[in-house]
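J.: Have a look at the structure that comes next, please.
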Amino acid sequence: MKHLKQIAFSQRPVIILLVMISLLTGAAIIGQAYYFVAIVEGVFLNNASFQAITPLIIGLFVVLAIRATLTYWSGRTGVKMAAKVKKNFRKSLLSKYAKNPVQASMQGQSGKKVSVLMDAIDDLDSYFSSYIPQMIQTAIVPVMILVAVFTQHLYSGLIMIITAPFIPFFMALIGVMTKKKSEEQLDKMAAFSGRFLDTLQGLTTLKLFGRARKQRELIKESSLGFRDATMGVLKVAFVSSLMLEFISMLSIGLIAMEIAIRLVVYEGISFFSAFFILILAPEFYQLLKDAGSAFHTGRGSMVAANKVTDELEEDVPVVEWGSAPLVTKNQPPEVELKAVSFSYKEEGFSLLNIDTFIPAYSQVAIVGRTGSGKTTLLHLMAGLVSPTEGQVRVNGKALSDYKEKDWFEQVSYISQHPYLFSGTIAENIAVGGPKGSTRAQVEQAAEKAGIDSFIKSLEQGYDTSIGEAGRGLSGGEKQRVAIARAFLKQPYIILFDEPTTGLDLQTEKILQQSLQELSRSSTVITVAHRLHTIQAADQILLLDNGKLIGRGSHEELIQTVPEYRDMVSVQQGGEAQ
Ligand code: ATP
Ligand code: MG
């Protein structure tokens, strides 16, 4: 990614505008000093009449007005530039997260992501809204002032030239010190928000294990750490502005003394020049000091920019999609896995070399011990993650050749823990369906999923709010909402991660019926735990620690794969109880 400076300077018109504003500001500052001195000289030394100085007074007011306008204009330009850059950064971050939502949500803390997306990007603001405009101004206006001073008096100009470098020197020195501090501060902030969100999400678990108090301590610690880091940054910032103030006061004093001696003792300088220089000198140092504080905010932004860049450049495997249309010819597409391998990271769990063919309308059951890779395999088949090696093929073509939209239109994925958006139940069901589904269609889908009567028993029925902002649903209810989504969508391929926990008989039966009905019009691939589903499947895939150790019908596997036989007998034993 580009450096922040490059980003700023790639916006040419804005930079040119800022340069113009700076030139005009310089002229306004000098003009203001000129008019002010001329008025004072006219009134106090030359006893000029009011009429004689009226044009000067008007001139002064005009210049003041121009200066104020320029300040406003420069600020506005900077803020606009900042807004544009922030928008672009947020867009790239979002599209990065969206490119591979599954992987993105599996890796790293969500709290940290939120902190980067909101706070770190907001921290970029000051770089563009104050640092860049200020730096351009500092590069131009002091030089103009210096030239003006030199035309009046050589020695004052020399004093300015000699003292001025001390300010950037101290700025740089302090900058080096704050860089580390503000990096630390941002880290603490990210850690703090991450911890806070994690805790919120896991509150139930933490309470159950009596860890709530411990967690409170941790949050307290984490927030105190953040406070200390912030205070550290502020301390350095205050000390640095004190230092800068000191240097500029000293320099102005030096110039004043020199001028006073020349004016009173040697009489080698006119009152006009002396007063003119005395007015310009503070402006000169003020600009350098402003650059100093802009520099600090700029520093903070650079640290934040690194955070954003790191997040943007973090290597997550991306699911690439092509542009081929998926033509379904009124039947489910055929799915084939060819030597598919997948691993989450270099080391750790991996699925190895999976081959299978899934014809239209078939029912596939994926079975295996917990952690054997069933959900992972389902993610691969759904196109949520892409294989590290091998290919998922659909209708004889690589899945990644198709348009993303075309594929997902054909697929419903009912996960182990379906996600409910905050909204009403009706909205949550309609989210899966075609645009503009009517309430009647939603209700019909809910009825097929066996959740209609439950929803109607709620006080507000289909308009009950659920999800983060509303009431909760049980695991089984959530899955039935997800199944209702599938009924509404009528996809050709249904991927279903069955709940591992036992359901009550009633729910089981409804699930069974629902799936049977869905399987009439679609290919159904189920991560199956119930013997019933397993036996009914045309094809069973038995996974063991990421490897496919058995493939075939129930009878075939019973005959040939001892691990399968063991599994079934354990299940039957369990069922008999
Ligand atoms: P269960 O029956 O309990 O749902 P599963 O067969 O569905 O298990 P998977 O969810 O596919 O198992 O996980 C397979 C393995 O991959 C597990 O060992 C798990 O720890 C690991 N795993 C899952 N998600 C990730 C991830 N995001 N990063 C690294 N490893 C992961
Ligand atoms: Mg699973």
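J.: Take the residues of the range 380-393 that are closer than 15 Å to GLU404 by Cα and touching a Leu at 6+ places or on another chain (Cβ under 9 Å): which is farthest from ligand 1 (Cβ to nearest atom)?
T.: Filtering first and then ranking leaves ARG393.
J.: Run GLN331 past the list (1) open to solvent by less than 60 Å² (accessible area, probe 1.4 Å); (2) more than 16 Å from ligand 1 (Cβ to nearest atom) and report the number of the one that doesn't hold.
T.: Result: GLN331 passes all but (1).
J.: Continuing with the same structure: Suppose the filter is among the hydroxyl-bearing types (Ser, Thr, Tyr), without any contact (Cβ under 8 Å) to a residue 60 or more places away in the chain and on the phi < 0 side of the Ramachandran plot; does THR77 pass it?
T.: Here the answer is no, as THR77 does not meet what is asked.
J.: LEU518: part of a helix (DSSP H, G or I), closer than 17 Å to LEU378 by Cβ and in contact with a strand residue (DSSP E or B) (Cβ under 9 Å, 6 or more places away or on another chain), yes or no?
T.: Yes: the conditions hold for LEU518.
J.: How many residues does the range 541-566 hold that are open to solvent by less than 100 Å² (accessible area, probe 1.4 Å), in a strand (DSSP E or B) and under 17 Å from THR526 (Cα atoms)?
T.: 7
J.: Taking the range 1-29 as the region of interest, how many residues are surrounded by fewer than 21 Cβ atoms within 10 Å (Cβ to Cβ) and under 30 Å from SER270 (Cβ atoms)?
T.: Matching residues across the range 1-29 total 3.
J.: Can I ask one more? With the structure loaded, tell me whether LYS448 is open to solvent by 30 Å² or more (accessible area, probe 1.4 Å), within 16 Å of ligand 2 (Cβ to nearest atom), touching a residue at least 40 places away in the same chain (Cβ under 8 Å) and not aromatic (Phe, Trp, Tyr) or whether it fails that test.
T.: No.
J.: Next up: Across the range 475-525, which residue is nearest to ligand 1 (Cβ to nearest atom) among those that are of a type in the set (Ser, Thr, Tyr) and in contact with a helix residue (DSSP H, G or I) (Cβ under 6 Å, 6 or more places away or on another chain)?
T.: It comes out as THR507.
J.: Given the residues GLY175, GLY194, which is the only one that is of a type in the set (Gly, Ala, Ser), in contact with a His (Cβ under 9 Å, 6 or more places away or on another chain) and open to solvent by less than 30 Å² (accessible area, probe 1.4 Å)?
T.: GLY175
J.: Going through LYS345, LYS374 one at a time, which residue ends up being over 30 Å from LEU4 (Cβ atoms), within 16 Å of ligand 1 (Cβ to nearest atom), at pLDDT below 80 and under 31 Å from the mean Cα position of the chain (by Cα)?
T.: Exactly one residue qualifies, and that residue is LYS345.
J.: For the range 345-401: of the residues being in a loop (DSSP other than H, G, I, E, B), of a type in the set (A, V, I, L, M, F, W, C) and over 25 Å from GLN512 (Cβ atoms), which is least open to solvent (accessible area, probe 1.4 Å)?
T.: Across the range 345-401, the extreme among qualifying residues is VAL385.
J.: Among the residues of the range 370-413, count how many are in contact with a helix residue (DSSP H, G or I) (Cβ under 7 Å, 6 or more places away or on another chain) and within 16 Å of ligand 2 (Cβ to nearest atom).
T.: 4
J.: Just checking, does the range 477-500 include any residue being within 16 Å of ligand 2 (Cβ to nearest atom), over 31 Å from the mean Cα position of the chain (by Cα) and open to solvent by 80 Å² or more (accessible area, probe 1.4 Å)?
T.: Within the range 477-500, one or more residues are within 16 Å of ligand 2 (Cβ to nearest atom), over 31 Å from the mean Cα position of the chain (by Cα) and open to solvent by 80 Å² or more (accessible area, probe 1.4 Å).
The values are calculated or read from the model by the stated rules, or taken from the named source; none is laboratory data. Source: prediction; values computed, not measured. Please note: Cβ atoms are built from the backbone with ideal geometry, for glycine as well, and neighbour counts cover all protein chains shown. For the accessible areas, the whole protein counts, side chains as well, though only heavy atoms, and no ligand, DNA or RNA atoms are used. Shrake-Rupley method; radii C 1.70, N 1.55, O 1.52, S 1.80 Å.
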